[in-house]
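Just below is one structure, and these are the notes that go with it.
Read the figures in this text as sums done on the coordinates, not as results from a lab. Model, not experiment: these values are computed from the prediction. So basically every Cβ, Gly included, is an ideal-geometry build from the backbone, and we count neighbours across all protein chains shown.
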Amino acid sequence: MSELVLPYCTNVLITGATGFVGRHILYELVNIFTKNMCPGKIYVLLRSKASHSFKERIEHILKHDYAPEYFKSFSYAAILERIELIEGSLNDSNLGMKMMKAIPENEKLYVIHSAGSVNLFDNKKAEEEVNYNNWNGTKNLLSSLKVFNYKFIYISTAFSCGIVSGMVGDDFSKYKEKIFRNPYEKYKNLIETMVQEYCGHNEKEYQILRPSVVCGRLLDSSLYYTSKFDVIYGWAKFFWSLKQQGSNEHIRVHMSANSKINIVPVDFVAKSVVSLFAASPKQVNITYPQSLMNRSLYGQMLNVIEYLNYSFVDEKPANLNKSEKIYYRLIDKVYNPYLNHCDNDYDNETLLKAIDREFMTTIDLNSLTRFAISNNFDELQVN
């Protein structure tokens, strides 16, 4: 693939660097900073956990077996020269002091905010989780940055527009009917508004970047890697688990023939972010020009899994068998809004000014699914 060049080699603060998207943004930043001998630093905000310290957590990501091959060409010492760790959490009351001790106040700072909870359930517990981690965390981060000369880049989601029909552009302010599939989408939308209003009031630059559904790598070796078996993988995992248990009951899946979903590889997302964050557009959807029809997408995954005793139906069936009861109790309540109330394509004009179309490789569902199968859909095997 062609090389990406960062327009500015200045300081960058990244949150969520151990997440699936965040770690790939970090890999790209280290690559560009190291190859171009950038004078700036990459500051990584990271908290310790009961099982691992913040230093152990970042070391695990930087030395990961599935780190991209281009990243493995750098010595660990060279990588550490580019990175400075800040131990802390988004909701820390003294977050501002922690950042002031590490980051120069008089130098331009790009803040790439990728941290947050991805909980697609539509219940009170999910709402409390995204309210605390996503809303409160972002609000505290913004207020903690007040002494810095920063540009705030918020990694949102292409689904923060809520349930709308047809072609979706970059400007989400036009979507007045705030109907969301779950609290995750709702709070992403609310946070976008908060970022716009806060940065506008304080005369700070901002940018909102919106990836759609993120799948495994399709550009950089090792190909097909994902650290998360959720979203499209989570749906397929249900049928793989049934097959592992020896079940082959016919399952009627309620899925609209017109529904579609937009999928982007994680390395494409990361390359898009590093190509865009110093640029001027304030809102950009990181999406493919064409979404995939759900019945084709999920049918292809089921064929790879070799669970063939299924049918797609236009309405939820009656007289459910045992496997269908489990499916509708566990899976449908999360996935139904995306299988039956999602039919969007996206305008990519702004994105294609920043990243070459050559990076938009075909979504190889067969290989992505085989990677999941080879790891038993088990995140412990890939994290």
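The slack in the chain from N375 to S73, taken as 0.36 nm per residue of separation less the alpha-carbon distance, amounts to 106.2 nm.
For the listed peptides 192-199, 59-66, a ranking on the average number of other beta carbons within 10 Å per residue, highest first, reads 192-199, 59-66. Remark on I286: its backbone amide H falls under 5 Å from those of R210, S212, a criterion applied only to residues 5 or more positions apart or on other chains, H modelled at 1.01 Å from N. Entry note: the chain has Rg to Rh equal to 0.96, where both radii use alpha-carbon atoms and Rh is the Kirkwood radius. The base-10 log of I(q)/I(0) for region 32-88, evaluated at q = 0.24 Å⁻¹, reads -1.05 [Debye formula, identical scatterers on Cα atoms, solvent excluded].
Of all aspartates and glutamates in the structure, the ones whose alpha carbon falls short of 20 Å from that of K101, not counting any fewer than 8 places away in one chain, are E81, E84, E87, D92. If you plug the beta carbon distance of L80 and N321 into 1/(1 + (r/R0)^6) with R0 = 56 Å, you get a FRET efficiency near 0.50.
A straight Cα-to-Cα reach below 19 Å connects K237 with the aspartates and glutamates E249, E306, E324, D332, D364, D378, E379, residues fewer than 8 places away in its own chain not being considered.
For D347 and I179, the FRET efficiency from 1/(1 + (r/R0)^6), where r spans their Cβ atoms and R0 equals 25 Å, is about 0.75. Region 266-332 and region 349-369 have Cα centres lying 16 Å from one another. Here region 238-347 is treated as an ellipsoid with the same Cα gyration tensor; its semi-axes, largest first and in whole Å, are 34, 16, 12. The calculated Kirkwood hydrodynamic radius for region 1-113 is 14.6 Å, given to one decimal from all distinct C-alpha pairs. Take each peptide in 221-227, 28-34, count the other Cβ atoms within 10 Å of every residue, and average; sorted highest first, the result is 28-34, 221-227.
For region 205-210, the Karplus equation 6.51 cos²θ - 1.76 cosθ + 1.60, evaluated at θ = phi - 60°, returns couplings of 6, 8, 8, 10, 10, 10 Hz by residue, with Gly and Pro reported as x. Label zone of D65 (point 7 Å out along Cα→Cβ, amide N under 19 Å): in region 215-255 this covers 216-217, 221-229.
Available extension along the chain between V147 and E56 is 29.8 nm, counting 0.36 nm per residue and deducting the alpha carbon span. Using a ≥ b ≥ c from the Cα gyration tensor of region 195-256 (square roots of the eigenvalues), is it rounded, prolate or oblate, where a/c under 1.5 gives rounded and otherwise the larger of a/b and b/c decides, a/b for prolate? Prolate, because a/c is 1.5 or more and a/b exceeds b/c. The equivalent ellipsoid of region 157-247 has semi-axes of 34, 18, 12 Å, largest first, where each one is the square root of 5 times an eigenvalue of the Cα gyration tensor.
Partners of K243 within straight-line reach, counting lysines whose Cα lies under 19 Å from its Cα and excluding those fewer than 8 residues away in the same chain: K322, K325. Here the extension length gained between S367 and K49 equals 111.1 nm, from 0.36 nm per residue of separation less the Cα-Cα distance.
Here the Karplus relation 6.51 cos²θ - 1.76 cosθ + 1.60, evaluated at θ = phi - 60°, turns the backbone of region 278-292 into coupling constants of 9, 8, 7, x, 8, 9, 9, 7, 8, 9, 8, x, 10, 7, 9 Hz, with x for every Gly and Pro. Listed peptides 77-83, 12-18 appear in the order 12-18, 77-83 once ranked by packing, highest mean of other Cβ atoms within 10 Å at the front. Working note: Karplus 6.51/-1.76/1.60 with θ = phi - 60° gives region 154-171 the couplings 9, 8, 9, 8, 5, 9, 6, 6, x, 7, 10, 10, x, 6, 10, x, 6, 8 Hz, where Gly and Pro are set to x. For region 121-159 versus region 37-108, the inter-centroid distance based on Cα atoms is 20 Å. Considering all C-alpha pairs of region 85-174, those separated by over 19 Å amount to 51%. Between N202 and E249, the modelled label-to-label distance comes to 5.4 nm, taking each label 7 Å out from Cα in the direction of the beta carbon.
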